[in-house]
Amino acid sequence: MSLEWFINIITNNWPMLLHGAWMTLVISTIGTIIGALIGLIIGVINTIPKMNVGGFRKNALKIINGLLRVYVEFFRGTPMIVQAMVIFYGTPLFMQWLEKAIGTNFGFSGDMPALFAAILIVSLNTGAYMAEIVRGGIIGIDKGQFEAARAIGMGHWTTMTTVVLPQVLRNILPATGNQFIMNIKDTSVLNVITVTELYFQTKTIAGANFRYFESFFIACIIYLVMTITATQILRFFERRLEGNATYQMIDEAGITRPKNNE
Amino acid sequence: METIIDIRHLNKSFGSHEVLKDVNFSVNKGEVVTVIGSSGSGKSTLLRCINLLEYPTGGEINYRGENILSKSNLNDYRKHLGMVFQQFNLFNNWDVLHNCTVGQTKILKKSKEEAKEVAMNYLKVVGMERYINARPAQLSGGQKQRVAIARALSMQPDAILFDEPTSALDPEMVGEVLKVMKELAESGLTMIIVTHEMEFAREISDRIVFMDKGVIVEDGSPEQVFNNPQHERTKTFLKRALK
């Protein structure tokens, strides 16, 4: 182990490392965003009030909630590395079977580019966790907010989008950030489906120069830089969502003037 | 006189617990009706049933002659009734102005400018027009409740329901809210009020309804109910309430 090796590895392989870091960021960022959207949608569906909806809608709602439950349990209850293998290698087999069974595969052979598969897997995984986080966030909002919205005449959807979700988003931001950090690290397991993210690249580099410690130590630092940067960005958003500590009063002439910031 | 709300044989139970038993009750346009009674008498539940925050287990609620319990879209009905809550329930994520405009733009489909004009008008009525940029967390209880009243007024409803509007307030803030309510009552607004403020009820109400154990025991003018109650239960309650 010597400092020279670190410098050597970086100077000889920086494009590969940079590409790996870039892929890691792309997969974890897109995966977290799509996952958060999945979570929000599930959260909204889960909290549709059961009061006085008709028989058909009630049953449809029950079935949908049941399916969503299965989805959440499956993705929370199995390791992402295993899901990656099952989905990446299983989808082509499933499409083949489907073609035999019903005569068409809808023009999709089931082979997907590794990057697409990676984003899909991270999104589905994050969605399952986010669904629970969002549900918790919605339950945590004061009942009075829902009642006030309903009393004004808002339906479930309007109540959610104008009153509840803005408050939920603020409350779940720390948990979402947590999920994002976990995704940056956990995308490393996607090397098993040949995604050229940071871990995969490092393994390739180390396989060529046999300097495992030095290579992975560099990867370690890069991961740390990415996660710390992500944390700082999220903190910034959190602070912005806090809003101003003071407000402006309006005087008789309708002109705003600053409030005393004691 | 035009009847806005007419309730017939209303029942409400939570499980096996019957909270409202065969309640009959109606409110005319421009009337100020105050519901009094001890805690647990069902008066808040009655109010919450009127705009269907609680769904009745039986009976009819006729709004302008139509039984709304037979309808599937309740939100269309709710927008015609304002509600002021004990805990204010202002939308925490919006400032004062937006609290008063969001319903108008989203539900009544008014333009932003129009909604703002209406909101400012009512914020002036409650004396909160200078605080339009404040968020609920930055206001005192009395201020919040006055904004909540402006929010209800901004929807220009047929009637406003007040569910113990001063019960969560510090004593020195009760006055400012009652003053606003008194002005509204004098302006001809239809109001249904649940309150423990007996003097206030006597002063502003056209009618007093006394409830006990889920039934309406007495329903009459303030003079009648306060000075000449017909039932023993009313007498006992008033003796305790007026001290």
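Pairing each residue of segment B:72-98 that is closer than 24 Å to B:Glu117 by Cβ and modelled with pLDDT of 95 or more with any residue that is of a type in the set (Gly, Ala, Ser) and assigned to a loop (DSSP other than H, G, I, E, B), provided the two are 6+ apart or on different chains, yields C-beta distances under 6 Å for B:Val96/B:Ala134.
Looking at B:Ser205, B:Ser187, B:Ser167, which is the one that is of a type in the set (Gly, Ala, Ser), without any contact (Cβ under 8 Å) to a residue 24 or more places away in the chain and under 22 Å from B:Thr34 (Cβ atoms)? After applying the criteria, what remains is B:Ser187. For segment B:192-215, give me each residue that is crowded, with 23+ Cβ neighbours inside 10 Å and in contact with a Phe, Trp or Tyr (Cβ under 8 Å, 6 or more places away or on another chain). Of everything in segment B:192-215, those that are crowded, with 23+ Cβ neighbours inside 10 Å and in contact with a Phe, Trp or Tyr (Cβ under 8 Å, 6 or more places away or on another chain) turn out to be B:Ile192, B:Ile193, B:Val194, B:Ile208, B:Val209, B:Phe210. Just one of the numbered conditions (1) away from chain B (no Cβ under 14 Å); (2) surrounded by 19 or more Cβ atoms within 10 Å (Cβ to Cβ) is not true of A:Ala148: (1). Pairing residues of segment A:4-32 that are free of Cβ contacts under 8 Å to residues at least 40 places away in the same chain and closer than 22 Å to A:Ala118 by Cβ with residues that are of a type in the set (A, V, I, L, M, F, W, C) and assigned to a helix (DSSP H, G or I), at Cβ distances under 6 Å and at least 6 apart in sequence or on separate chains, gives no pairs at all.
For segment B:130-154, the candidate set comprises residues that are part of a helix (DSSP H, G or I) and among the basic types (Lys, Arg); within that set, the residue that is least open to solvent (accessible area, probe 1.4 Å) is B:Arg151. Taken together, A:Ala128, A:Ala148, A:Ala118 contain a single residue that is closer than 30 Å to B:Gln156 by Cβ and modelled with pLDDT of 95 or more, which is A:Ala148. Considering segment A:234-247, and only residues there that are exposed (fewer than 12 other Cβ atoms within 10 Å of the Cβ) and part of a helix (DSSP H, G or I), the residue that is nearest to the other protein chains (Cβ to nearest Cβ) turns out to be A:Glu242. A Cβ distance below 8 Å, combined with a sequence gap of six or more or placement on separate chains, defines the contacts here; from segment A:187-207, residues that are free of Cβ contacts under 8 Å to residues at least 40 places away in the same chain reach residues that are assigned to a loop (DSSP other than H, G, I, E, B) in the pairs A:Asn191/A:Glu197.
B:Ala115 passes every criterion in (1) hydrophobic (A, V, I, L, M, F, W, C); (2) touching a Cys at 6+ places or on another chain (Cβ under 9 Å); (3) within 10 Å of chain A (Cβ to nearest Cβ) apart from (3). The criterion of at least 3 residues that are crowded, with 20+ Cβ neighbours inside 10 Å and within 14 Å of chain A (Cβ to nearest Cβ) is met by the following strands (runs of 3 or more DSSP E) wholly inside segment B:26-88: B:81-84.
Read through the list (1) open to solvent by less than 30 Å² (accessible area, probe 1.4 Å); (2) over 21 Å from B:Asn51 (Cα atoms); (3) part of a loop (DSSP other than H, G, I, E, B), then give the number of the only condition that B:Leu238 fails. That leaves (3) as the condition not met.
The residue pairs whose first member lies in segment A:159-170 and is within 7 Å of chain B (Cβ to nearest Cβ) and closer than 14 Å to B:Ile107 by Cβ, whose second member is β-branched (Val, Ile, Thr) and assigned to a helix (DSSP H, G or I), and whose beta carbons are closer than 9 Å, counting only pairs six or more residues apart or on different chains, are A:Thr162/B:Val102; A:Val163/B:Val102. One residue stands out in segment A:26-48 among those that are assigned to a helix (DSSP H, G or I) and touching a Lys or Arg at 6+ places or on another chain (Cβ under 9 Å): the one that is farthest from A:Ala230 (Cα to Cα), namely A:Asn46. Among the conditions (1) part of a loop (DSSP other than H, G, I, E, B); (2) crowded, with 17+ Cβ neighbours inside 10 Å, the only one that B:Gly127 does not satisfy is (2).
Of everything in segment A:115-145 that is open to solvent by less than 10 Å² (accessible area, probe 1.4 Å) and within 9 Å of chain B (Cβ to nearest Cβ), the residue that is nearest to A:Leu169 (Cα to Cα) is A:Gln145. Counting only residues that are part of a helix (DSSP H, G or I), open to solvent by 10 Å² or more (accessible area, probe 1.4 Å) and more than 8 Å from chain A (Cβ to nearest Cβ), how many does segment B:89-111 have? Total satisfying the criteria: 4. Of everything listed in (1) more than 14 Å from every other protein chain (Cβ to nearest Cβ); (2) under 24 Å from the mean Cα position of the chain (by Cα); (3) aromatic (Phe, Trp, Tyr), the single unmet condition for A:Phe108 is (2).
Any residue in segment A:40-59 that is open to solvent by 30 Å² or more (accessible area, probe 1.4 Å), free of Cβ contacts under 8 Å to residues at least 24 places away in the same chain and aromatic (Phe, Trp, Tyr)? Yes, that holds for at least one residue. Can A:Met160 be described as open to solvent by less than 30 Å² (accessible area, probe 1.4 Å) and outside any helix (DSSP H, G or I)? So A:Met160 does not fit the description; no. Under the condition of being touching a helix residue (DSSP H, G or I) at 6+ places or on another chain (Cβ under 7 Å) and of a type in the set (Val, Ile, Thr), the residues counted in segment B:8-52 number 6.
The values are calculated or read from the model by the stated rules, or taken from the named source; none is laboratory data. Since the model is a prediction, treat every value here as computed from it, not as a measurement. Positions of Cβ are backbone-derived with ideal geometry, glycine not excepted, and every protein chain shown enters the neighbour counts. Note: areas computed on protein heavy atoms with side chains; ligands, DNA, RNA excluded. Shrake-Rupley method; radii C 1.70, N 1.55, O 1.52, S 1.80 Å.
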